[in-house]
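Inspection log for the structure reproduced underneath, given as structure tokens.
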Amino acid sequence: MNMTEKESYLQTLIYLANADGVITEEEIVSINKVGIANDIPSNRIVELVSQVKEGKTLAAILEGITEEKTKRTLLYELVMLCYADGDYSDEEKKAVYEIASLLKVSDSKVREIEAFLHDDYVAFMNKLNKILEGK
């Protein structure tokens, strides 16, 4: 990924974190970790957060992502994030499909990503429940 894509990628995560109008301390920590892992300086991360809070549109954010692999990787991570709380809600699905549409990624590719992650999530939860139940 070039730096423009890295920043757009991070801003997409910031945008979703800010969807409820508040970016929590935990979200800030996660955003900073992703930014730093992608060689984005801390002061630039602050600027990217400010741009989102000031109303940068999702379409404008996503314009910076041009590589097909980056688009699919972003969607994968977004769906994975949605599964993090154990519930991939209808609202989250709607947002993922909106992002996919703006990125010009087909619904069938999103469904493929969802199916892959769902299977992994179910397998993970089954194993975790067995461990917790002492089986």
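Computed from the coordinates by the stated procedures, all read-outs in this text should not be read as laboratory data. Only a predicted model underlies this, so the values are computations on that prediction, with no experimental measurement involved. Note that each Cβ is placed from the backbone with ideal geometry, even for glycine, and that neighbours are counted across all protein chains shown.
Before moving on, here are some points about what is shown:
- Across all directions, the average projected area of the convex hull around the alpha carbons of region 1-44 is 2.9 nm².
- Here the Kirkwood formula puts the hydrodynamic radius of region 56-135 at 13.7 Å, using every distinct Cα pair.
- Per-residue [θ]222 nm for the chain (sum of -39500 (n - 2.57) over DSSP H runs n ≥ 4, rounded to 500): -24500 deg cm²/dmol
- Ordering 101-111, 56-66 by mean Cβ neighbour count within 10 Å, with the highest value first, yields 56-66, 101-111.
- Stokes-Einstein D (µm²/s) once Rh is taken as the Kirkwood radius of the chain over alpha-carbon pairs, at 10 °C in 1.306 mPa s: 100
- Using Cβ point charges alone (K and R +1, D and E -1), the dipole size of the chain about the Cα centre works out to roughly 320 debye.
- Span-rule helices in the chain, defined as complete DSSP H runs reaching 30 Å or more along the axis (Cα) with Kyte mean at least 0.5: none
- The residue list 19, 45, 125 was ranked by how far each Cα lies along the charge dipole of the chain toward its positive end, using unit charges on Cβ atoms, and 125 comes out on top.
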